[in-house]
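Please treat every number below as a calculation from the coordinates, not as lab data. Quick caveat: nothing in here was measured; it's all calculated off a predicted structure. Every residue, glycine among them, receives a Cβ derived from its backbone with ideal geometry; neighbour counts consider all protein chains shown.
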Amino acid sequence: MSAVVTRFAPSPSGALHLGNARTALFSWLLARRDGGRFVLRIEDTDAERSQAEHIVALQDDLRWLGLHWNEGPDIGGPNGPYLQSQRSASYDAAFADLEQRGLAYPCWCTPLELDVARRSQLAAGRPPRYAGTCRDLDAAQRAARAARASAPPTLRFRVPAGRSIGFDDLVHGPQQFATDDIGDFVIRRGDGTAAFFFCNALDDAAMGITHVLRGEDHLTNTPRQLLLLEALGQPAPRYGHVALLMGSDGAPLSKRAGARSLGDLRRAGYLPEAVVNHLFRLGHSSPLQGLQLPDALARGFTLEHLGCAPARFDDAQLASWQKDAAHALSEEAALVWLLPAMPPGLDPAQRAALITAVRANVVLPEDATRWARIVREQPAPLDAAGRALLEAAGDAFFDAAAAAAASQGAQPADWPALTAAVRAATGAKGPALFKPLRIALTGLDHGPELAPLLPLFPPGAVQQRLLNARHPD
RNA sequence: GCUCCCUUCGUCUAGAGGCCUAGGACAUGGCCCUCUCAAGGCCGUAACACGGGUUCGAAUCCCGUAGGGAGCGCCA
């Protein structure tokens with residue numbers, strides 16, 4: 001009965017970014033660990049900024065990460081609907097209740113008036129809070145304001161004066177806020193829709209959420225929601241405010257600073273295992289070493305080990321997890337992953353062979369594409385060191401190599417035989433034997449094993465490249 | 001401006017008064033292994049923001065300072 005229920009409640013106003021993905025992961029992990037439920041709720045009350053395509057994309061991203069939900073807009077659940085835009089009836093009932101009890105009041109102040117008031121307060125060095133213009137109007141005054149108004153009023157929550165609101169944050173510990181620092185805030189917009197503080201808190205209660213893990217940007221807003229829940233007689237969840245995720249420059253994540261969305265990473269070929277493992281360790285510590293499966297991460301997840309300080313996203317660390325994840329892929333999974341990166345014009349068997357041959361050197365699919373091009377099209381451009389090595393090997397070396405290749409026909413496939421023949425003809429061995437051959441064939445002094453690659457060069461290419469190495473340009 | 005949160009190697013972090021000569025991972029440098037690179041193994045460089053307290057003893061507690069972040073919206 002005390003089962004943990006967590007939720008992820010994004011607003012569909014853009015692509016899921018890494019910070020969101022991380023709080024989603026933590027919430028999922030917590031529910032998963034305790035055998036609880038994970039709820040997906042879409043906060044689309046702001047019709048202007050919410051888009052249907054984002055709702056779809058968001059769910060795709062979450063599924064891709066492997067964060068499956070037990071209740072959500074697509075699968076329903078006992079406390080639906082899971083789209084806030086469809087829950088207005090319950091909000092309206094609560095609005096009426098609060099207003100009737102005098103805990104909320106209509107406000108006719110225009111955005112312009114409020115903006116002016118805010119600016120002058122800020123200029124005077126005071127906190128920019130609602131001045132209370134409409135707070136204590138009597139019936140006649142309200143009627144007058146209503147008659148004069150050009151737009152419907154908002155509904156404001158009456159924040160009680162002189163109280164202290166405390167709660168025990170799951171990551172930051174005990175918190176204490178004075179209600180005198182909080183201005184009366186809008187809970188229903190002029191167009192009748194519910195504002196974030198309101199519907200977010202109300203839905204958490206209605207959906208039986210027990211633990212809310214969210215960004216630290218919500219920490220100082222929590223007392224408002226606690227006040228609201230108290231006024232409505234609803235239970236409050238435990239809140240845990242996770243430190244924000246920063247860019248590698250220490251500034252907040254932003255597109256400008258090169259922050260990539262989950263979709264960007266996915267399209268670049270990053271593997272979900274890599275992203276999840278990296279996110280797990282950003283702002284969270286664990287004795288767990290190495291790449292872990294989601295269930296193992298869940299078992300190793302502890303609220304106590306969520307950090308209080310903002311963490312920076314680091315490409316190098318993601319890359320390291322990506323490398324581990326790529327190498328851990330099964331043969332079949334690697335094929336699925338890299339097939340789209342193969343150039344056209346290869347038969348399936350060749351594509352598979354190429355993937356198998358290069359995958360140890362592949363971190364991202366683009367690496368596989370690069371190697372495929374080098375093999376199928378042309379070697380990478382020579383650098384000075386490469387040219388020097390070719391010259392050091394000498395014409396006779398490549399004459400012998402080309403002859404050895406020719407002896408195997410247009411499509412040489414026996415690398416040991418080829419190298420043995422060159423060794424026999426020139427006496428070269430070790431690096432002096434293999435480096436020039438590698439550079440002649442690929443243009444680079446490093447790369448995948450050549451033996452499995454040899455049969456994948458285009459017909460005649462091996463001999464041609466060995467001959468070309470006599471006069472590098 | 002006011003309120004709140006935060007500050008350990010380049011990065012992610014361990015550390016809850018003596019176990020810290022501050023540990024691990026990524027990155028980085030070197031060596032080994034090796035027909036290249038990678039992988040693997042070994043070794044190294046590198047941090048308690050600053051200043052005051054409290055204490056026999058402080059990375060750990062308290063107070064300031066500096067720096068970073070968030071909130072104070074008819075955005076979520």
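Candidates in the range A:12-44 are the residues that are part of a strand (DSSP E or B) and in contact (Cβ under 8 Å) with a residue 60 or more places away in the chain; of these, the one that is surrounded by the fewest Cβ atoms within 10 Å (Cβ to Cβ) is A:His17. Is it true that some residue in the range A:129-144 is touching a strand residue (DSSP E or B) at 6+ places or on another chain (Cβ under 6 Å), under 19 Å from A:Gln225 (Cα atoms) and near RNA strand B (Cβ under 8 Å from one of its atoms)? The answer is no; no qualifying residue exists. Checking A:Leu454, A:Leu444, A:Leu467, A:Leu418 one by one, the residue that is without any contact (Cβ under 8 Å) to a residue 60 or more places away in the chain and either within 9 Å of RNA strand B (Cβ to nearest atom) or farther than 23 Å from A:Arg370 by Cβ (or both) is A:Leu418 and no other.
Look at (1) of a type in the set (Gly, Ala, Ser); (2) surrounded by fewer than 16 Cβ atoms within 10 Å (Cβ to Cβ); (3) within 7 Å of RNA strand B (Cβ to nearest atom) and you find that A:Gly192 fails only one, number (3). Taking every residue in the range A:81-105 that is surrounded by 15 or more Cβ atoms within 10 Å (Cβ to Cβ) and pairing it with any residue that is part of a helix (DSSP H, G or I) and of a type in the set (Val, Ile, Thr), at least 6 positions away or on another chain, the pairs with Cβ-Cβ distances below 9 Å are A:Leu83/A:Ile55. Here's a check for you: in the range A:165-184, which residue that is more than 20 Å from A:Pro237 (Cβ to Cβ) and in contact with a Phe, Trp or Tyr (Cβ under 9 Å, 6 or more places away or on another chain) is nearest to RNA strand B (Cβ to nearest atom)? Looking at the filtered set, the residue picked out is A:Gly183.
Listed here are the residues, each with its yes/no results for (1) out of contact with any Cys (no Cβ under 9 Å at 6 or more places or on another chain); (2) within 11 Å of RNA strand B (Cβ to nearest atom).
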position	(1), (2)
A:Tyr82	yes, no
A:Leu103	yes, no
A:Cys109	no, yes
A:Glu113	yes, yes
A:Ala124	yes, yes
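Looking only at the range A:250-261, decide whether some residue is within 27 Å of A:Val4 (Cα to Cα) and touching a strand residue (DSSP E or B) at 6+ places or on another chain (Cβ under 9 Å). Steps first, please.
Step one: filter the range A:250-261 for residues within 27 Å of A:Val4 (Cα to Cα), giving none.
Scanning the range A:250-261, I find no residue that is within 27 Å of A:Val4 (Cα to Cα) and touching a strand residue (DSSP E or B) at 6+ places or on another chain (Cβ under 9 Å), so the answer is no.
Whether any residue in the range A:321-339 is part of a helix (DSSP H, G or I), closer than 19 Å to A:Glu377 by Cβ and within 16 Å of RNA strand B (Cβ to nearest atom) is what I want to check. Checked the range A:321-339: at least one residue is part of a helix (DSSP H, G or I), closer than 19 Å to A:Glu377 by Cβ and within 16 Å of RNA strand B (Cβ to nearest atom).
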